[in-house]
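S.K.: Quick one: structure below, then a few questions.
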Amino acid sequence: MKNALVFLLSVLTLSLYAQIDYESIHPCNTVKIQDAHMAAHPELAEEFKALEQQLIEEEMNLPSHLRSGSIIQIPIVFHVIHNYGIENISDEQIENCVEVMNQQLRLQNANASLIHDEFIDLAADTEIEFVLARKDPNGNCTTGINRLASTQTYDGDQDMKELIQWPRNMYCNIWVCADANGAAGYTIKPNAVQNFPQADGIVIRHDYVGAIGTSNPTRSVALTHEVGHWLNLNHVWGNNNNAGIDCGNDGVNDTPITEGWTSCNINGETCGTLDNVENYMDYSYCCKMFTEGQKTRMRTAAMSSVAQRNQLSSNNNLIATGVVNGDVLCQAQMEANYTTVCFGDTVQFFDVSYHNVQSRLWDFPGGTPSTSTEENPKVVYSAPGSYNVTLSVSDGSSSLSETFTNYITILESNGTELPFIEGFENGLNDFNENWEVVNFDNDEGWEYTDQASASGGSSIWINNRYNEAGQIDEIISEPIDISDFEEVEVSFKYAYSERNTANNEKLRMYVSKDCGRLWSLRKSLQGNSFSTNGGLSGANWFPSDDDWSEVSITNILENYYVGNLLLKFRFESDGGNNVFIDDINISDTYVGLVTMADEEYKFKVFPNPTRDLLNVVFELENIEDISWRVKDLSGRTVSEGIYSNPEMGKNKFQVNTTAWTNGIYIFEMLTNKGVIAQKIMTN
């Protein structure tokens, strides 16, 4: 049984930011989800009723010493499911959420003194607190906050929950997302998840988490409302979604019969008596309290074996999850505002060690300062290169130290000179040295391959056939110097196949003039037009020679003509097949470095770059005389010849390049239909 929540915000008391359209978000999906759940599992209908009755009987028989007088602590973990948008809320917003929610559960909210006189004596401190876990299921350190990138953040459904979940008998799982299945939040009551642990927990929209960041104080009650459902409370008007329609009750003796409210008339009487409009389980926007009866029901659920709730607050589990004795030093950890910067730029470091750090010592080889005891120091490095960082932390009685190898990269002010030609023909080591792979999810990412190529024998690819939708992978070039030129041309070849027509994958190319701090989009390929093989492929696809397309752009803005330009290719998966890139070239347009691929002749030269022998391949529909020549960038012919034995169909010959100096050349093939030219490089 799913319960979802929305709060209508007052235009009189809130800023425009806080206002929402009540009709734009569905208040609650309880009945719809319950009906669907029962239809899918009719064999469990009697069990649901029996478990509900069990909780009622446990509530009636709960001993007085368990009704109050002791604090029930429940470990909690937040899973932030995001697509790199505002839904990726900060740790501070989540920590604020836990603080505010506990204040509301403990009747320590600042507006508790404003509760209506008729209900002030019924307002309850539930004596229930949620605590961010300090240890994960494997006993490792944690902040109690996980982050996972997925487009399922826009669905907020069961599939999203199954992306990540910690054991429900150890943690209350909370998923933060962009859209909570059309509501502000929802959960499933204990009796309905007894045999469905994968569905247990709370889903909440990011802008209803806490009172700061993307949320606000009024919306902060949303999670408290969902916790009420998670601990077996109904809406105050009953177990349905429809506030303001029919009189009903929630099965709790001290909450008045009511129709429920979507506004805040604290003197409202819908069913002959004063309504408890300020109850957290109403839809009003002025919630301030739980009743004593609701407290008993919540504590009963927390101590019941139904859905394993009682295991959460056991002493053994509080120790295992770090709630007890969790604030001890267990890991030295750090972050930086940038890990790759231009020479001369400042890097700021942040100590995010776990837990109870009292002092620290940083060591920055090659940096100024070279050491620091500040929590978040700023450092400038004296020369380009890659640098280690060491952080040692202490809690006053013990200490830990961690060295982060090659954590900081300082880029050269002037990069590789033009022309830049990358055919990935120099092997894996060269690829690793000149390209930075950014694999956010540590799944399949950009890799060097010798299994496919547009020319030569190598390229780069993502084994995307086995990637889940929504994953993002990037690859960034070494710095490239274009500062002496007025206009350059960037070109690359790519190959990609869809698996079905619904695939909407994206390949985007960016440039950066500030070592990756900001990126400018220059080319975007997506949808059906992105596919190069003209069809669909369900198997693990590799391109043929005819499956490659070429992109050429000259839209580099004037202020990007710097000495250390970076290229970035970003691929966003959506369930399609593999993607490949090859022959990435940057050249000055004015010297006439023409890249042509005549479809009729199917002309190719490889390997490119070449060292000793250059292979020339082409096809003829009719026999004709073929000659060739090679020019350097000044236009001087350095080699030429005649292909003496042309045949119908595929032809191939080789050119010896050992006498040529390293550099860029234009290979021209002279045909009956004109000159076909291709840039080549020797090294």
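Since every read-out is calculated from the coordinates, none of them should be taken as a lab result. Every value quoted in this text rests on a predicted model; they were computed, and no experiment measured them. Quick reminder, even Gly has a Cβ in these numbers, built from the backbone with ideal geometry, and neighbours come from all protein chains shown.
S.K.: Taking 37 °C and 0.692 mPa s as the conditions, I'd like the Stokes-Einstein D for segment 500-646 in µm²/s, using the Kirkwood hydrodynamic radius from alpha carbon pairs.
M.R.: Here the translational diffusion coefficient equals 174 µm²/s.
S.K.: Using only the alpha-carbon atoms, how far is helix 30-40 inclined from the longest principal axis of the chain? Give it as 0 to 90 degrees, nearest 10.
M.R.: Once rounded, the angle reads 70 degrees.
S.K.: Along Cα→Cβ, 7 Å out, is where each label goes; now give me the distance between the ones at S644 and E162 in nm to one decimal.
M.R.: 6.9 nm
S.K.: Still on this structure: Rounded to whole Å, give me the distance from the Cα center of segment 262-331 to that of segment 339-360.
M.R.: If you average the Cα positions of each part, the centres end up 38 Å apart.
S.K.: At 0.36 nm per residue, and after removing the present C-alpha to C-alpha distance, how many nm does the segment from N442 to N414 gain when stretched out fully?
M.R.: 6.9 nm
S.K.: While we're looking at this one, here's another question. Can you give the relative contact order of segment 369-484 as a percent, counting alpha carbon pairs under 8 Å and 6+ residues apart? Provide the component values of the computation, followed by the final result.
M.R.: Details: 153 pairs, mean separation 27.1, N = 116.
RCO, segment 369-484: 23 percent.
S.K.: Given only helices, namely DSSP H runs of n ≥ 4 each adding -39500 (n - 2.57), what is the per-residue ellipticity at 222 nm of the chain, to the nearest 500 deg cm²/dmol? Walk me through the numbers on the way to the answer.
M.R.: Details: 10 runs with 88 residues, N = 683.
That comes out to -3500 deg cm²/dmol.
S.K.: Give me the log10 of I(q) over I(0) for segment 420-588 at q = 0.11, 0.18, 0.20 Å⁻¹, as the Debye formula computes it from C-alpha points; what are the numbers?
M.R.: Here log10 of I(q) over I(0) equals -0.43, -1.15, -1.40.
S.K.: Right, another one. Can you give the FRET efficiency to the nearest 0.05 for R517 and A539, using r as the Cβ-Cβ distance and R₀ = 56 Å? Don't skip to the end; give the middle numbers.
M.R.: Numbers: r = 41 Å, r/R0 = 0.73.
The pair R517/A539 has a calculated efficiency of 0.85.
S.K.: Looking at W435, L148, G470, which one has the Cα that reaches farthest to the positive end of the dipole of the chain (charges on Cβ: Lys, Arg +1; Asp, Glu -1)?
M.R.: Selected residue: L148.
S.K.: Under 18 Å from a point placed 7 Å out from the Cα of N169 along the Cα-to-Cβ direction: which residues of segment 175-202 have their backbone N that close?
M.R.: 190-201
S.K.: Right, here's the next one. Rounded, prolate or oblate: pick one for segment 241-389, where a ≥ b ≥ c are the square roots of the eigenvalues of its C-alpha gyration tensor, a/c under 1.5 means rounded, and failing that, prolate if a/b is larger than b/c, else oblate.
M.R.: prolate
S.K.: Would you mind calculating the gained length between T339 and N683 on full extension (0.36 nm times residue separation, minus the Cα-Cα distance), in nm to one decimal?
M.R.: Details: separation 344, 0.36 × 344 = 123.84 nm, distance 3.17 nm.
Length difference between fully extended and current span is 120.7 nm.
S.K.: Right, here's the next one. Evaluate the charge dipole of the chain about its Cα centre and quote only its size in Debye, nearest 20, assuming +1 on the Cβ of each Lys and Arg and -1 on the Cβ of each Asp and Glu.
M.R.: In total the dipole reaches around 560 debye.
S.K.: Would you mind putting 551-558, 157-164 in packing order, based on average other-beta-carbon counts within 10 Å, highest first?
M.R.: For the peptides 551-558, 157-164, the packing ranking is 157-164, 551-558.
S.K.: In whole percent, what relative contact order does segment 420-588 give with Cα contacts below 8 Å and a gap of six or more residues?
M.R.: Relative contact order of segment 420-588: 37 percent.
S.K.: A follow-up question, please. Quick one: if you stick a label point 7 Å off each Cα along the C-beta vector at I71 and E558, how many nm between them?
M.R.: 6.4 nm
S.K.: I would also like to ask the following. Rounded, prolate or oblate: which fits segment 334-411 when a ≥ b ≥ c are the square roots of the eigenvalues of the alpha-carbon gyration tensor, with rounded for a/c under 1.5 and prolate only if a/b beats b/c?
M.R.: In terms of gyration-tensor shape, prolate.
S.K.: Would you mind checking the tilt of helix 221-230 against the longest principal axis of the Cα atoms of the chain, expressed as 0 to 90 degrees and rounded to 10?
M.R.: 70 degrees
S.K.: Dipole of the chain (Lys/Arg Cβ +1, Asp/Glu Cβ -1, origin at the Cα centre): which of P167, F78, C286 lies farthest to the positive side?
M.R.: It is P167.
S.K.: Per-residue counts of other Cβ atoms within 10 Å, averaged by peptide: what ranking do you get for 359-366, 58-65, 604-611, highest first?
M.R.: Details: 359-366: 16.8, 58-65: 11.4, 604-611: 20.0.
Most protected by this proxy first, the peptides run 604-611, 359-366, 58-65.
S.K.: Something else about it: FRET efficiency for S314 and A383, Cβ-Cβ distance as r, R0 = 56 Å, nearest 0.05? Mind dumping the intermediate values first?
M.R.: Values: r = 56 Å, r/R0 = 1.00.
Given R0 = 56 Å and the Cβ-Cβ separation, E is 0.50.
S.K.: Under the 0.36 nm per residue contour assumption, what length would be gained going from the current alpha-carbon distance of Y154 and R611 to full extension?
M.R.: 159.4 nm
S.K.: Right, something else. Taking Cα atoms, how many degrees apart are the long axis of helix 91-105 and the longest axis of the chain, rounded to 10 and kept between 0 and 90?
M.R.: Its long axis makes an angle of about 10 degrees.
S.K.: Over the chain, what is the mean sequence separation of C-alpha contacts under 8 Å (at least six apart), divided by residue count, expressed as relative contact order in percent? Please list the in-between numbers first.
M.R.: On the way: 1645 pairs, mean separation 66.1, N = 683.
Computed value for the chain: 10 percent relative contact order.
S.K.: I need the calculated FRET efficiency for the pair Q348 and I623, taking r as the beta carbon distance and R₀ as 60 Å, to the nearest 0.05.
M.R.: After rounding, the FRET efficiency stands at 0.30.
S.K.: Same structure again: Taking square-rooted eigenvalues a ≥ b ≥ c of the alpha carbon gyration tensor, is segment 496-563 rounded, prolate or oblate, where a/c under 1.5 means rounded and, failing that, a/b exceeding b/c means prolate?
M.R.: The shape class here is prolate.
S.K.: Next question. Which log10 I(q)/I(0) values, to two decimals, does the chain give at q = 0.07, 0.08, 0.09 Å⁻¹ under the Debye formula with one point per Cα?
M.R.: -0.63, -0.77, -0.89
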